[in-house]
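What follows is a single structure, written as structure tokens, with notes after it.
Taken together, the values in this text are just the output of simple stated rules run on the coordinates, not laboratory data. Please read these numbers as outputs of a predicted model, since none were measured by experiment. Here the Cβ is made from the backbone with ideal geometry for all residues, glycine too, and neighbour counts use every protein chain on show.
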Amino acid sequence: MGETSTFQLALFGVVGTATLLVNAVISIFYGWKVYRLFTTLLTALAAAVVGWFFVAPHLPAKYACVAPIVLGLAGVAIAFPMQRVAAFVTTGVLGAIVAVIVGALYNMPLDFASGQTIAVAAAGFIVAGIPAAIFLRFFVVLTTSAWGALMALVAVAGLAFVCLSTLPAPDVQMLTVILAAWAVLTATGMVFQYRLIKAEQEEA
């Protein structure tokens, strides 16, 4: 029974590591493409859902299926500006959370009915969201490369744990190496993605 459990844990670790590595490779090298595809599909799906539930019921039965199709295609058409909206909202929310956490570290009360807390959160939202929307491509390339690099390092740690059944205690030297590896992977992903973008522009 113990050997079976160990084997299952090892198999789970290998599968999890492989999944993380695939995620890392896609994020590092194709993050910009995946982001554009994801936002396009999500916008089209949201528009189609609106068409099906809110427009189709008001149309004759034989034309009901037209609403989600037309609105879905319209969603594809407006997907590009929605990419900026998605970047603005997502990064703004993260900025608001970080601003509130930093404020709490400086003894700001975590009272979301308080004007001070709302003002700090709003400032974090704006400061983080606006640059992300303006410099959309750089923001997406940077964040996807950084995320992929992090996933790659987590995958390596998972693989080491599966092989060694333990992980060494981190020290300053190890953390420095990890940080350097993360930075190198992030920079590599950014360079690759920008070259891919440039090649697409030249082909167009």
Once you have a ≥ b ≥ c as the square roots of the Cα gyration tensor eigenvalues for the stretch 104-171, tell me rounded if a/c is under 1.5, and otherwise prolate or oblate according to whether a/b is larger than b/c.
oblate
What's the magnitude of the charge dipole for the chain around its Cα centre, counting Lys and Arg as +1 and Asp and Glu as -1 at the beta-carbon? Answer in Debye, nearest 20.
520
Which of the chymotrypsin sites (Phe, Trp or Tyr not before Pro) across the stretch 120-204 are loop residues per DSSP, with 15 or fewer other Cβ within 10 Å?
F135
Please label the shape of the stretch 71-204 as rounded, prolate or oblate, based on the square roots a ≥ b ≥ c of the eigenvalues of the alpha-carbon gyration tensor (a/c under 1.5 means rounded; beyond that, a/b larger than b/c means prolate, else oblate).
oblate
Compute the Rg to Rh ratio over the stretch 9-101 from the alpha carbon atoms, using the Kirkwood formula for Rh, and round to two decimal places.
1.18
Kirkwood hydrodynamic radius of the stretch 1-158, Cα pairs, Å:
19.1
Euclidean distance between Cα centres, the stretch 51-92 to the stretch 130-204, Å:
34
Net charge near V34, counting Lys/Arg +1 and Asp/Glu -1 over other residues with Cβ under 15 Å of its Cβ?
+2
